[in-house]
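Scroll down for the structure; my scribbles are underneath it.
The values are calculated or read from the model by the stated rules, or taken from the named source; none is laboratory data. All of these numbers come straight from a predicted model, not from anything done at the bench. Cβ placement follows ideal geometry from the backbone for every residue including glycine, while neighbour counts extend to all protein chains displayed. These accessible areas exclude ligands, DNA and RNA; they are computed on the full protein's heavy atoms, side chains included. Shrake-Rupley method; radii C 1.70, N 1.55, O 1.52, S 1.80 Å.
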Amino acid sequence: MSVVSSVCCYCGTGCGVLIETDAGMIAGVRGDPAHPANRGKLCTKGATLALSAAASGRVLYPALRTEKGAPRRRVNWGVALDHVAEKFRAVIQEHGPDAVAFYISGQLTTEAYYVFNKLAKGLIGTNNVDTNSRLCMSSAVAGYKVTLGADSPPGCYDDIDHAGTIFVSGSNTAYAHPILFRRIEAARKANPDLKLIVVDPRRTDTAAEADLHLAILPGTDVALYHAMLNVMLWEELIDRDAIAAHTEGWEALRDQVRDYTPEKMAPICGVAAADIVQAARWFAAGPTLSLYCQGLNQSSCGVDKNAALINLHLATGQIGKPGAAPLSLTGQPNAMGGREVGGLANLLSAHRDLADPEHRAEVARLWGVDTVPATPGKTAVEMFEAVRNGEIKAIWIACTNPAQSLPNQRLVHDALQAAEYVVVQEAFADTETVAFADVLLPAASWGEQDGTMTNSERCISRVHAAVPPPGEAHADWAIVTAFARRLVPGEGARLFPYDCAEAVFNEHRETTRGRDLDITGLSYALLDRAPQQWPFPEGASAGQPRLYADGAYPTASGRAHFHAVPYRPVAEAIDARYPLHLNTGRLRDQWHAMSRTGRVARLFAHADTPLLSMAPRDMELRRLNPGDLVRVKSRRGDVVVAVEASDSLRPGQCFLPMHWGARFMGGLGINALTLPTFDAMSKQPELKHAAVQVTKADLPWRMAALAVGDGAKLLDAVQPLLRACDYAAAGLAGRERDVLTLRLAHTQALPESLLTALDTALGLDDPLAVMHYQDRPRGISKRVRVESNKVVAARLTGETAAFEWLRDVVVDGTDAASLRNWMLAPVARPPAGGAGRGRIVCNCLNVAESDIVAAITAGADLTALQATLKCGTECGSCVPELKRLLAGNRAAA
Ligand code: SF4
């Protein structure tokens, strides 16, 4: 057994992990006590990384097809890269370099990001390189630049411990950055006077913890921040000295916010004027740390939202001091590293701007090329529009899943279908995007490649290869390097001389010399000893935890800029046809497109299907009951999901988790609904909001199935059924072994051939091993397979009442002897007991909501719950939910 340090590959908290390996396999993962981000803690996602590493479904060999629609055939690396090089050369020759594009990922290492960027901009001569970070952080980047002058988050995580007020805006930190939320909980425990303000249309678990929850109406953030500034002006809570000494543009902003009184903004924002006043006072009292994420960024005016929040920090002097800073939370593990190397269509290495001729000349000199092209490249949404209209002929997609994650999925699927040539560099064989690949290149995944990543607080950590990649997979930087050498023989080798990730890092490091993110004092050797924050110039002995303490900003004048803009509403207004605001967001135990978390069965235990959350009154109006299937329709597409009542939402609003795509549900996934309208400056689309209608889906034919086996293979097997039904939800369950769960509903019975194929795939086709019940006139057919007295597979068609308890019987491996008589019966719970446990709240210790509620009803408080059921005593991710259950069930009692 050996241990290798690395970083969690999910959110931008950037938790350090220790990977335990045994016989060349990842055997376990635990939090790294020495890492400053998490001090040994991990959330449910990080704690199950070893399970995701062990899962099947990897891309093991290069494969290609020469005809659209034909199956790909396995080839060796030489053939695959020659094929791609030949095609790219031909396209470039015929249509110019802007006819090719690269769509990459905030999950790549900084080194891989760097070589992709240099390949596109330095070797090929196109700026068509953009990334899924465009969907995540580009408004935060532009917000920093228009106010502070550089994409340099000024604060650090330790500010949580020094803050007097923590202002969380547009972030369900308890779900999306759980370990940071643990730090907030600890800071509040240590300092009971610490105020927590949460701005969120929903009463999330984060909002439920707040001293003040401002449940604003969707998209009204700028109106709120301006109203807070109006209060600060009236009550002389601003720092006039700091404004005079270190800023410019104050007068314009002051004049702008004059009309934004709390009384006028209260009905626009949907919050009480008194709460706006209270928020302004607590914010100004400080020290105030703002933590914010997609609620601000994923908006058609995301830059305005970011800048209007930073205005508050500048106006009150809440920046550059312990506990005082605007600190955007990064959605992806290395979105920051990608920004450092300029891996976006409008950026260049080391925070240089593509629009600046001097910056282009500097980068050309550093790279040893004549020029870097001046024409901005296509950003994420524009790139796929250009693929669809034929402007871009060949696209290379690496380590990301645009056929799930981009808005307006109909357009994205059409684009990939119509594309002349699609290269997909991926670790996982079953993502929605892989289906479109003409060439599939096997990439090393987390725990299999070397490099660095930078988290939300500018902290660079080393990621290490703990085990070799499977099959013929290679590190991402190595694939790009090999391709560059084939694409332009000679020149490719000169520009891409790297023989290891460290060589790439050293070149990247040199591009930062003299820049705001100067890391010339760093090396792999130093980073191997401990993660370091930038800037860290040559000769420095430590990084810089806080920026702008001296009031000097990296702008032409050295002063920060106030950003005076009016409030603008959401891009898509609700109307009589689409009367509901749809908010999309994250769940606690899934991450982004589920490419990795969707392989870990226990991560489905908290939420195993995508549910539409609605206010009870909206459900009553539509005569909906919890569990009913509904069609959610926007102007771009629709999905069918089950509905749940939620008192976290105001009437008129609904919520869907963003994770489910076509691999796990029917249709094109949640992003069939979202709109591609983007912020004019950051080009980040408004994934957070769409106007929708919700109607009951009348789907009388029902089917549900279960099977023990290899999760990835079973999910592969049921894909045709997902495509065939109006409603479909597939997922996994179980802890010690994978159990497929499948729920289907349709207007009419599926063709017998599909059911026969399903029975074969699930092992339900052996008449000697399967209990069978058939009622043809009523369209009911059921099959249950029992082996060694354990249920291992089941299909219930036409009537599915027993599904929930049968699932628990399969998951728990319950002795089936006493249940045999009931397995084929229409009973929602067997008389012998053993009703379904339902949702698991504490994933670490497998504690179900039903057990927790029973204990609360019997009088347990949080301490008693933790003492008896042990829930919330491991990673702590469920503690906010335990508190919510306590509050809700006590209120109900
Ligand atoms: Fe990973 Fe984020 Fe969880 Fe830390 S908080 S373990 S980085 S998912």
- Task: Could you list all residues from the range 759-798 that are assigned to a loop (DSSP other than H, G, I, E, B), charged (D, E, K, R) and touching a residue at least 12 places away in the same chain (Cβ under 8 Å)?
- Result: ASP766
- Residue by residue through the range 399-426, note down the ones that are at negative phi, in a loop (DSSP other than H, G, I, E, B) and crowded, with 24+ Cβ neighbours inside 10 Å. THR400, LEU406, PRO407
- Item | Qualifying residues in the range 836-889 (those that are more than 16 Å from the ligand (Cβ to nearest atom) and among the polar types (S, T, N, Q)) - the one surrounded by the fewest Cβ atoms within 10 Å (Cβ to Cβ) | THR863
- Of the conditions (1) away from the ligand (no atom under 16 Å from the Cβ); (2) assigned to a strand (DSSP E or B); (3) surrounded by 16 or more Cβ atoms within 10 Å (Cβ to Cβ); (4) not acidic (Asp, Glu), the single one that HIS83 does not satisfy is (2)
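For LEU744, state whether it is at pLDDT 95 or above, of a type outside the set (Phe, Trp, Tyr), more than 19 Å from ARG839 (Cα to Cα) and open to solvent by less than 10 Å² (accessible area, probe 1.4 Å).
yes
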- Scan the range 86-103 for residues that are in a helix (DSSP H, G or I) and touching a Ser or Thr at 6+ places or on another chain (Cβ under 7 Å) and jot them down. PRO97, ASP98
- Select, from LEU196, LEU233, LEU237, the only residue that is in contact with a strand residue (DSSP E or B) (Cβ under 7 Å, 6 or more places away or on another chain) and either surrounded by fewer than 22 Cβ atoms within 10 Å (Cβ to Cβ) or closer than 30 Å to TYR10 by Cβ (or both). LEU196
- Message: Can you tell me how many residues within the range 529-543 are touching a residue at least 12 places away in the same chain (Cβ under 8 Å), out of contact with any Ser or Thr (no Cβ under 8 Å at 6 or more places or on another chain) and open to solvent by 50 Å² or more (accessible area, probe 1.4 Å)?
- Response: 1
- Pairs where the first residue, in the range 472-492, is at positive phi and the second is crowded, with 24+ Cβ neighbours inside 10 Å, C-beta under 8 Å, 6+ apart: none
- Please find, among ALA493, ALA465, ALA435, the residue that is open to solvent by 10 Å² or more (accessible area, probe 1.4 Å), out of contact with any Pro (no Cβ under 9 Å at 6 or more places or on another chain) and either assigned to a loop (DSSP other than H, G, I, E, B) or within 16 Å of the ligand (Cβ to nearest atom) (or both). ALA465
- Could you list, in sequence order, all residues of the range 52-65 that are in contact with a helix residue (DSSP H, G or I) (Cβ under 8 Å, 6 or more places away or on another chain), outside any strand (DSSP E or B) and either within 14 Å of ARG182 (Cα to Cα) or away from the ligand (no atom under 14 Å from the Cβ) (or both)? ALA55, SER56, GLY57, VAL59, PRO62
- Task: Among the residues of the range 104-129, write down those that are under 22 Å from the mean Cα position of the chain (by Cα) and outside any helix (DSSP H, G or I).
- Result: ILE104, SER105, GLY106, GLN107, LEU108, THR109, VAL129
- With respect to GLY514, determine if the residue is away from the ligand (no atom under 16 Å from the Cβ), farther than 25 Å from PRO531 by Cβ and out of contact with any helix residue (DSSP H, G or I) (no Cβ under 8 Å at 6 or more places or on another chain). no
- Note on the structure: Expected single match for open to solvent by 10 Å² or more (accessible area, probe 1.4 Å), touching a strand residue (DSSP E or B) at 6+ places or on another chain (Cβ under 8 Å) and free of Cβ contacts under 8 Å to residues at least 60 places away in the same chain among ALA210, ALA190, ALA186 is ALA210
- Task: Quick one: which strands (runs of 3 or more DSSP E) lie wholly within the range 597-708 and hold at least 3 residues that are among the aliphatic types (A, V, I, L, M)?
- Result: 611-614, 629-633, 638-645, 689-696, 701-708
